[in-house]
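Below: the structure, in structure tokens.
The values are calculated or read from the model by the stated rules, or taken from the named source; none is laboratory data. Predicted, not measured: the structure shown is a model, and the values here were computed from it. Using ideal geometry, Cβ is built from the backbone for each residue, glycine included, and neighbour counts are taken over all protein chains shown. We work out accessible area using only protein heavy atoms, side chains counted, and drop any ligands, DNA or RNA first. Shrake-Rupley method; radii C 1.70, N 1.55, O 1.52, S 1.80 Å.
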Amino acid sequence: MNQRSDFQPKIIAFACHWCGIGRNEINPVEEFPKFKLIKLLCTGRISSALLLKTFEKGADGVVVFGCPEGKCHYNFGNKNAIKECKLSQSMLDLLGMNGKRLRSEFDFFDQDGGLDEIMDEFVQNVKELGPNPLRID
Amino acid sequence: MITDIIKKTKAYFCLDCGKCTAICPVTRYNRSYSPRKLVIKTVNSPDGNTLSDERLWNCLSCMMCQLRCPSGIDYIEFTKLMRKDARESGFLGQSTHGNVFESLWKIMANTKINQNRLNWVTSDLKVSDNSEYLYFVGCLPYFDQFFSDLNAQIIKIAQSTVKILNFFGVEPKILKDECCCGHDLLWTGDLDGFKSLAEKNVKLLKDANVKYVITTCPEGLVTFRFDYPKFFGDLGIKFLHITEFISEKITSERIELKPLNKKVTYQDPCRLGRYLGIYQQPREVIGSIPGIEFKEMERSGRKSVCCGTSCWTNCDRYSKLMQMDRLKEAKSTGAELLLTACPKCLIHFSCAQKDENYPEENRIKVADLTTIFCEALGGI
Ligand code: SF4
Ligand code: SF4
């Protein structure tokens, strides 16, 4: 396992097509230097099964970007995602993996920070938490 | 190898009589499912084309058919082994809840995981590191979180159990890192997954140095009693269901219980009843509570009907119909409370009643036996 100092977390970001991230890209998967972005048509696709699977496969951190409540393009997709994120966080806590490895951003529009700032902060947080115990290098 | 499965389960003895299909609760709703046809098809062409048959995943492994089969064919073992081969050939059933439980089990099985699963142990519950008894809680903390919207008070089963054990002078040991017993992976054909969970538990149980392990989950009990010894030999531990423990205590000790004025009925879980033969003990536990009026359902004991889904696989509209009919049967006894002794029965029957089309007149409260017995002892 990696030493904490040179630990480069594997981060997966799920983002809804409508929330303003990678909108002009056709690629469903985009590689950024610090994370991999997976685009969904709507965060309604997010389920605790999908999120836990990502951790099972070794992700150190997962972020979900979605539209603010009440502004879902399909009416209720993000409502479902918010619920599933909370549920997954509680499952991660039970598993002793720390729910903070999962972050959800559902008022991304309203924040000044922009994507880079949020991701830098999250990468830092995950570094402090250390590698996912299931990570195979 | 299919031919080995046929030999091992004596499937070649099949008389094509159809008794299994006639009694099968799945066939009653899903006419395309027939255990007879599956057996015959496999025996007639053991080249493996049954493996892709999705109906292989409809069986509830409820054991009903097996008790009727005149040729003594081990149909549930047949299902289990065929599913293993099917999985290896890339065929799977429909996993419910997006297969979240499989991820949970795979994570739990990892030896580097340090679970944080004991938040339910409140200060009034006495547990001890030096005890002859261990209480194996299993998946309850996870079910409690995952099914929180059912309001089924799942974790109360664990809390009530510790309370009951405390009442009888037992301060059980509980494990911080135990994981799922592996039952569902075993029965959906993932033998490697099962073994990785079981190995972790076996090590913990051996290190725990206890004489008795109490469970509140019949599936766990079946797995510990019958399946672990097949892979790991005798662990030198006696595995008991909580109702076995209580029924023994109430016959040897005089205890004072608070009366509960309720009409209740009881669902025999498949694993507890047909697999383990524990029919009497739960009824003794219910009968010991003063004020309770016990009503038996028409189909009870050996004839009891499964709660409709097993192993979080193929939960479909037929499962719902089965659950609705079973709940109707429970209600028609005049009971106001349906007791069960398996957390999954509790989850399935609570879930069925969340359906918007669920008929109001059939609504019945469902609870685990331990929580009711604990109430009679004075409650949590
Ligand atoms: S075990 Fe139960 S569900 Fe499976 S075929 Fe037999 S009776 Fe039907
Ligand atoms: S009851 Fe037994 S012998 Fe009869 S069809 Fe079913 S498996 Fe064959």
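Let me know the whole percent of all Cα-Cα pairs from the range B:171-272 that are separated by more than 22 Å.
Here the tail beyond 22 Å accounts for 40 percent of pairs.
Just the ratio, please: alpha-carbon radius of gyration of the range B:1-55 over 2.2 N^0.38 Å, N its number of residues.
So the range B:1-55 has a normalised radius of gyration of 1.13.
Keeping the other protein chains in place, figure out the carbon and sulfur percent of the accessible area of the range B:115-239, with a 1.4 Å probe.
47 percent
I need two numbers for the range A:31-73: Rg to one decimal and Dmax as a whole number, Cα atoms only, in Å.
Cα-based Rg and Dmax for the range A:31-73 come out at 11.8, 33 Å.
For B:108-117, what's the mean count of beta carbons from other chains sitting within 10 Å of each residue's beta carbon?
4
Over the Cα atoms of the range A:7-137, what Rg and Dmax result, in angstrom?
In order Rg, Dmax, the Cα atoms of the range A:7-137 give 13.8, 41 Å.
Which of rounded, prolate or oblate describes the range B:109-149 when judged by the alpha-carbon gyration tensor and an a/c cut-off of 1.5?
Oblate is the answer for the range B:109-149, as a/c is 1.5 or above yet b/c matches or exceeds a/b.
Whole number in Å², please: accessible area per residue of the range B:173-313, 1.4 Å probe, ligands, DNA and RNA not counted.
Here the residues of the range B:173-313 average 39 Å² of exposed surface.
Please identify which residues in the range B:340-380 have an amide N closer than 19 Å to a label point set 7 Å out from the Cα of residue B:168, following the Cα→Cβ vector.
Output list for this probe position: B:340-343, B:368-380.
State the antiparallel share, in %, of DSSP beta bridges confined to the protein assembly as shown, rounding to the nearest 5.
15 percent
If r is the Cβ-Cβ distance from residue B:1 to residue B:235 and R0 is 25 Å, what FRET efficiency results, to the nearest 0.05?
0.25
State the Cα centre-to-centre distance between the range B:41-67 and the range B:297-331 in whole Å.
That distance is 20 Å.
Using only the alpha-carbon atoms, how far is helix B:317-332 inclined from the longest principal axis of chain B? Give it as 0 to 90 degrees, nearest 10.
That works out to roughly 40 degrees.
With a cut-off of 8 Å between alpha carbons and a minimum separation of six or more residues, what is the relative contact order of chain A in percent?
Over chain A, the number comes to 30 percent.
Can you pull the mean other chain C-beta count within 10 Å for peptide B:143-149?
3
With +1 assigned to the C-beta of every Lys and Arg and -1 to the C-beta of every Asp and Glu, and no other charges, what is the dipole magnitude of the range B:144-188 about the Cα centre in debye, to the nearest 20?
220 debye
Once a ≥ b ≥ c are taken as the square roots of the eigenvalues of the Cα gyration tensor of the range B:55-174, is the result rounded (a/c under 1.5), prolate (a/b larger than b/c) or oblate (a/b not larger than b/c)?
Prolate shape, in that a/c is at least 1.5 and a/b is the bigger ratio.
Using the structure shown, select from B:126/B:344; A:83/B:156; A:57/B:37; A:86/B:262; B:195/B:328 the pairs with a Cα to Cα distance greater than 30 angstrom.
With Cα atoms farther than 30 Å apart: A:57/B:37; A:86/B:262; B:195/B:328.
When only the heavy atoms of the protein chains count and the probe is 1.4 Å, how do A:97, B:324 rank by accessible area, highest first?
Correct descending sequence by accessible area is B:324, A:97.
So, for the range B:35-170, what is the accessible surface per residue at a probe of 1.4 Å, expressed in square angstrom?
40 Å²
Would you list the P(r) distribution for the range B:265-307, with all Cα-Cα distances sorted into 5 Å bins from 0 and each bin expressed as a whole %?
5, 24, 32, 22, 12, 4, 0
Go through B:106/B:365; A:79/A:100; A:100/B:163 and tell me which ones have a Cα-Cα distance over 23 Å in this structure.
Checking Cα-Cα distances, B:106/B:365; A:100/B:163 exceed 23 Å.
Semi-axes of the range B:271-380's equivalent ellipsoid from the Cα gyration tensor, sqrt of 5 times each eigenvalue, largest first, rounded to whole Å?
Listed largest to smallest, the semi-axes of the range B:271-380 are 23, 17, 14 Å.
Please find the FRET efficiency linking residue B:203 to residue B:225, where r is the Cβ-Cβ separation and R0 is fixed at 25 Å, and quote it to the nearest 0.05.
It comes to 0.85.
Please state the charge dipole magnitude for the range B:194-250, taken about the Cα centre, from unit charges on C-beta atoms (+1 on K and R, -1 on D and E), reported in debye and rounded to the nearest 20.
140 debye
May I ask you to order B:58-69, B:10-21 by the average number of other C-beta atoms within 10 Å around their residues, highest value first?
Most protected by this proxy first, the peptides run B:58-69, B:10-21.
Am I reading the A/B interface right? What is its buried accessible area, both sides, 1.4 Å probe, to the nearest 100 Å²?
Interface between A and B: roughly 1600 Å².
Using a cut-off of under 20 Å, list every residue of the range B:274-302 whose amide N is near the label point 7 Å from the Cα of residue B:253 along the Cα-to-beta-carbon line.
B:281-290
Mind jotting down the distance between the C-alpha centroids of the range B:10-31 and the range A:4-76, whole Å?
47 Å
Work from the charge dipole of chain A (Cβ charges, +1 for Lys and Arg, -1 for Asp and Glu, about the Cα centre) and give the residue of A:92, A:67, A:119 farthest towards its positive end.
In chain A, that residue is A:92.
Could you tell me the calculated FRET efficiency between residue B:68 and residue B:153, based on Cβ-Cβ distance and R0 = 41 angstrom, to the nearest 0.05?
Efficiency computed from Cβ-Cβ geometry: 0.70.
Got a sec? Charge dipole of the range B:69-157, +1 on Cβ for Lys and Arg, -1 for Asp and Glu; which of B:130, B:151, B:91 is way out at the positive end?
B:91
Could you tell me the ratio Rg/Rh of the protein assembly as shown? Both radii from Cα atoms, Rh via Kirkwood.
Radius of gyration relative to Kirkwood radius: 0.99.
State the volume of the convex hull built on the alpha-carbon positions of chain B, expressed per residue in Å³ and rounded to an integer.
For chain B, the hull spanned by Cα atoms encloses 137 Å³ per residue.
Please name which of B:301, B:290, B:314 has its Cα lying farthest along the dipole of the range B:247-318 towards the positive end, using unit charges on Cβ (Lys, Arg +1; Asp, Glu -1) and the Cα centre as origin.
B:314
Would you mind giving the mean number of other chain beta-carbons within 10 Å of the Cβ of each residue in A:89-101, as a whole number?
Mean inter-chain Cβ contacts per residue within 10 Å come to 5.
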